[in-house]
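This report concerns only the one structure given below.
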Amino acid sequence: MSDKTFGFETLSVHAGAAPDPATGARALPIYQTTAYVFEDADHAAALFNLQTVGFIYSRLTNPTNAALESRLATLEGGRGCTVASSGHAAQVLALFPLMGPGAEIVASSRLYGGSLQQMKNTYPKFGWAAAIVDADEPENFKRAVTENTKAFFIESLANPGGVVSDIEAIARIAEASGVPLLVDNTLATPYLCKPIDYGATLIVHSTTKFLSGTGTSMGGAVVDSGKFDWSRGAKFPSLAGPEPAYHGLNFYETFGDMAYTFHSHAVGLRDLGPSQAPFNAWLTMLGIETLGLRMERHCANAAKVAQHLEKHPAVAWVNYAGLASNKYNKLAKKYLPKGAGSVFTFGVKGGYDVGVKVVDGVELFSHLANIGDAKSLIIHPASTTHRQLSDEQRVSAGAGPDVLRLSIGIETVDDIIADLDQALAKATA
Ligand SMILES: *Cc1c(COP(=O)(O)O)cnc(C)c1O
């Protein structure tokens, strides 16, 4: 299939998954195999030398995973993709070719709590440092750049605060600083936002969320735009110098705009090992077939719930970028013209105690730590996902004591609203 001539919904169903040439099976087969038979010794040698593309061992590549990689690269408008066992694994994999001891990232303070946790406590064990800045002021990225900076990291639509990043402005500063811009596009999905169109270099996903779509499968992905010159400024020796981890191969010289993706498989997945299970890739492929339909309903339902809560007497504030009253509404109109997603926060009058009572009072909503399910989900971040952070970090990440996070599902919207109304009534009685 030539990709350029088809619409998003068509590509969501077809990209990366032609009928199986061996059997004619129309559905993508699950290649539940660890290894692949070599044609002969020369074929094996060519595969190991990366002189021919093919399959060796499923830690590195697998045909079911390759179909998902092809589909995600197409939907994001990228050149190549690597899937991983989770969103967090994808983030480590995404940074790995860029970083080394002493290297730094500049990241938004509005990132998902788990990502801030990685940067603050775990990356330092690799000798990687992160400067955390307020992304509302794109100039903050410029101010934080040092000669050791290797990447900028933002979320297009942030979890949980309904915060939209000015991708284009931050991409311009990344370009001027000679570093790639990584965008976590989990909450928006490529249906709502394509960060590469605005200058992003690398996209990371937790496919666990809207892409798989029904709360069944952990997974992550890194999509490379193929547009970054890795030889620029000699900042990225693993990609544009002799890579000791692959017998001195210069990936950029050898593979050009596929250098990053080849490195992610041949070195990243090979040595770190966070490969996605083919069954999860298969479920995610199935999920993506309905991505557009689901996102349309997710967004429409979320907009109605946000409007309802904004008028609710027990609610102090609503932070949904799709509301005209929201500080990020202008950015949402630019970057998310089809809808501002379905994950947002609101504050209850009465703070922490009322927040905890609401999550205990819901009946249709599930109280759990996930987003992007077809089912409506609720959580009180201060007592759960964000509890490891300091008070200051919590507030800065949009997860203060009165905050509830919703992930609005695709159920009948009146039922979603009725459930929140009864839970709020009980919690404030
Ligand atoms: C969930 C999430 C992650 C982490 O993904 P996992 O699949 O849970 O590892 C990263 N970023 C965002 C925005 C997320 O919502």
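The values are calculated or read from the model by the stated rules, or taken from the named source; none is laboratory data. These figures come from a predicted structure and were not determined experimentally. For neighbour counting, all protein chains shown are included, and Cβ atoms are generated from backbone atoms with ideal geometry for every residue, glycine included. All accessible areas refer to the heavy atoms of the entire protein, side chains included, with ligands and DNA or RNA removed. Shrake-Rupley method; radii C 1.70, N 1.55, O 1.52, S 1.80 Å.
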* In sequence order, calculated HN-Hα J values of region 30-42 (Karplus, 6.51, -1.76, 1.60; Hz; x Gly/Pro) -> 8, 7, 7, 9, 7, 9, 9, 6, 6, 5, 6, 5, 5
* To do: Quick one: which residues, 5+ away or cross-chain, put their amide H under 5 Å from the amide H of PHE153? H built at 1.01 Å from N.
  => VAL106, ALA107, SER108, LEU182
* Under the Debye formula (equal points on every Cα, no solvent term), log10 I(q)/I(0) of the chain at q = 0.11 Å⁻¹ -> -0.82
* Can you work out ³J(HN,Hα) from phi for every residue in region 195-210, in order, using Karplus 6.51 cos²θ - 1.76 cosθ + 1.60 and θ = phi - 60°, giving whole Hz and x for Gly and Pro? -> x, 4, 4, 9, x, 5, 8, 10, 10, 10, 9, 8, 6, 3, 8, 5
* Asked: Computed FRET efficiency, Cβ-Cβ of THR412 and LYS334, R0 41 Å: what is it to the nearest 0.05?
  -> 0.85
* Structure fact -> Taking every DSSP bridge whose two residues both lie in region 134-233, the antiparallel percent to the nearest 5 is 45 percent
* Structure fact -> With all protein chains present, the chain has a carbon and sulfur share of its accessible area (1.4 Å probe) in percent of 55 percent
* Describe numerically, in nm with one decimal, the distance between label points set 7 Å from Cα along Cα→Cβ at GLU39 and at ASP391. => 6.8 nm
* DSSP beta bridges in the chain [antiparallel fraction, %, rounded to 5] -> 60 percent
* Structure fact -> Dividing the mean separation of Cα pairs under 8 Å (6+ apart) by the residue count of region 292-428 yields a relative contact order in percent of 29 percent
* Within the chain, what's the longest run with no GluC sites (Glu not before Pro) in a DSSP loop and at most 12 other beta-carbon atoms within 10 Å? Give the range, please. => 148-362
* Value of relative contact order over region 81-231, rounded to a whole percent, pairs C-alpha under 8 Å and six or more apart -> 28 percent
* To do: Give the Debye-formula value of log10 I(q)/I(0) at each listed q (0.11 Å⁻¹), with one equal scatterer per alpha carbon of region 292-428, two decimals each.
  => -0.36
* Structure fact -> Restricting to Cα pairs under 8 Å and 6 or more apart, the percent relative contact order of the chain works out to 17 percent
* Using DSSP loop states and a limit of at most 15 other Cβ atoms within 10 Å to flag trypsin sites (Lys or Arg not before Pro), what is the longest stretch of the chain containing no flagged site? -> 27-226
* Give the calculated FRET efficiency between ARG232 and PHE126 to the nearest 0.05, with a Förster radius of 25 Å applied to their Cβ-Cβ distance. => 0.60
* In sequence order, calculated HN-Hα J values of region 94-111 (Karplus, 6.51, -1.76, 1.60; Hz; x Gly/Pro) -> 5, 7, 3, x, 8, 9, x, x, x, 7, 10, 10, 10, 10, 6, 5, 8, 5
* **Residue-normalised accessible area of region 292-428, given per residue in Å² at a 1.4 Å probe** => 43 Å²
* Theoretical FRET efficiency, 1/(1+(r/R0)^6), r = Cβ-Cβ of ASN148 and HIS312, R0 45 Å, to 0.05 -> 0.40
